[in-house]
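Let me begin by presenting the structure, written as structure tokens, before commenting on it.
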Amino acid sequence: MKPIKTIFASVLGIGLTLLMFSCEESDLRRTFDGPYHVRFTDTTLVFKESYSKPISIRVHNAGPQLDQPITVTYTIGGTAREGRDYRIEGTKGTVVIPAKQSFGEIKLQLINNANNIIESQDIVFTLTGAQPSSLQVGFGSDNRIGRRMTFTIQDDCLLSGFYTGVRRAGQQNVTVPDIEITSLDCKTYVLTNWNLGFFGFNAIKAQLRFVDNGDNSLTIPAQRSDDLAAPRDTIQGNGSWNPRDRRITLNLRLKIQIPNPTRDTVITQTLTYIPQ
């Protein structure tokens, strides 16, 4: 005769197994209530207007991949102005999810019309239909979830954005892409990299502050750089901004202390930053 504890443990184990099985079946039933639908992957996105690369806004099929393309239609509203704040690459109003894939993309290109007025505009995308018609648009109460996506364009300062830095080295140009310029007050700017091959290309990205004087001229105030060697090493200079092509030219004066014997040497270098 089995001990009571053993019998109790067996009954308890069977009960827990049945309970777990029951929960698993219930969970499986709750996993998807149907029907299959298309929706925006993100419901909100925020980018600065100075972001210069194409932006992908994804629409996905929340169901099995189909053997045929899915065509989804959408409308655009909001406060942002098409042609002045943004443009749509490709066919406006239609996005296609290719056969045997789960995602389609609306390609959005921002237009940088920075004017030192820090505000924001919205682009509101709304899905309106899908083919094949067996697919629902959005889900949840009134199919609202995933049906709409709000894209916020944040205004940026006049000189902010991403640039390719160029400097002359002998008979060749040295170029470094994806250099960002930012500002909190549209007057003093931070350049994320003036090291266009001075210290190599991979290890050091040296920052630099410069000031917009409001008349297309720039001032580089005297400043220390942690990437220079000695406490007396400084950078300063001047520059200009071309309103026609938005290029920035910086004339750097690097005062570097050379040991044995100790003396100061001034190196001048012109750097050009071309908007990407």
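The values are calculated or read from the model by the stated rules, or taken from the named source; none is laboratory data. All values reported here derive from a predicted model rather than from experimental measurement. Cβ placement follows ideal geometry from the backbone for every residue including glycine, while neighbour counts extend to all protein chains displayed.
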Self-check item: Inter-residue pairs, beta-carbon under 6 Å, first within 14 Å of SER160 (Cα to Cα) and in contact (Cβ under 8 Å) with a residue 60 or more places away in the chain and in the range 176-200, second part of a loop (DSSP other than H, G, I, E, B) and not aromatic (Phe, Trp, Tyr), 6+ apart
Solution: ILE179/THR192; ILE179/ASN193; ILE181/LEU159; ILE181/SER160; CYS186/ASN116; CYS186/CYS157
Quiz item: Does the range 96-108 contain any residue that is closer than 30 Å to PRO243 by Cα, modelled with pLDDT of 95 or more and in contact with an Asp or Glu (Cβ under 9 Å, 6 or more places away or on another chain)?
Solution: yes
Exercise. For HIS60, state whether it is closer than 23 Å to SER134 by Cα, crowded, with 16+ Cβ neighbours inside 10 Å and more than 23 Å from the chain's Cα centre (by Cα).
Key: no
Exercise. Considering each residue of the range 125-157, count those that are surrounded by 21 or more Cβ atoms within 10 Å (Cβ to Cβ) and more than 19 Å from GLY93 (Cβ to Cβ), and give that number.
Key: 3
Quiz item: Checking ASN173 against (1) free of Cβ contacts under 8 Å to residues at least 24 places away in the same chain; (2) among the polar types (S, T, N, Q); (3) over 28 Å from ASN216 (Cα atoms); (4) in a strand (DSSP E or B), which test does it fail?
Solution: (3)
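I'm checking my understanding of the structure. Among residues of the range 237-255 that are assigned to a strand (DSSP E or B) and closer than 15 Å to PHE162 by Cα, which one is nearest to the chain's Cα centre (by Cα)? Can you show your working first?
Taking the range 237-255 first, the residues assigned to a strand (DSSP E or B) are 237-241, 248-255.
From what's left, closer than 15 Å to PHE162 by Cα: 241, 248-249.
Details: TRP241: 25, ILE248: 23, THR249: 26 Å.
Across the range 237-255, the extreme among qualifying residues is ILE248.
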Quiz item: Does VAL124 count as among the β-branched types (Val, Ile, Thr), assigned by TED's automatic domain parsing to the domain that holds SER52 and either under 13 Å from ARG39 (Cα atoms) or in contact with a helix residue (DSSP H, G or I) (Cβ under 9 Å, 6 or more places away or on another chain) (or both)?
Solution: no
Quiz item: Got at least one residue in the range 188-208 being closer than 30 Å to PHE40 by Cβ and not in a helix (DSSP H, G or I)?
Solution: no
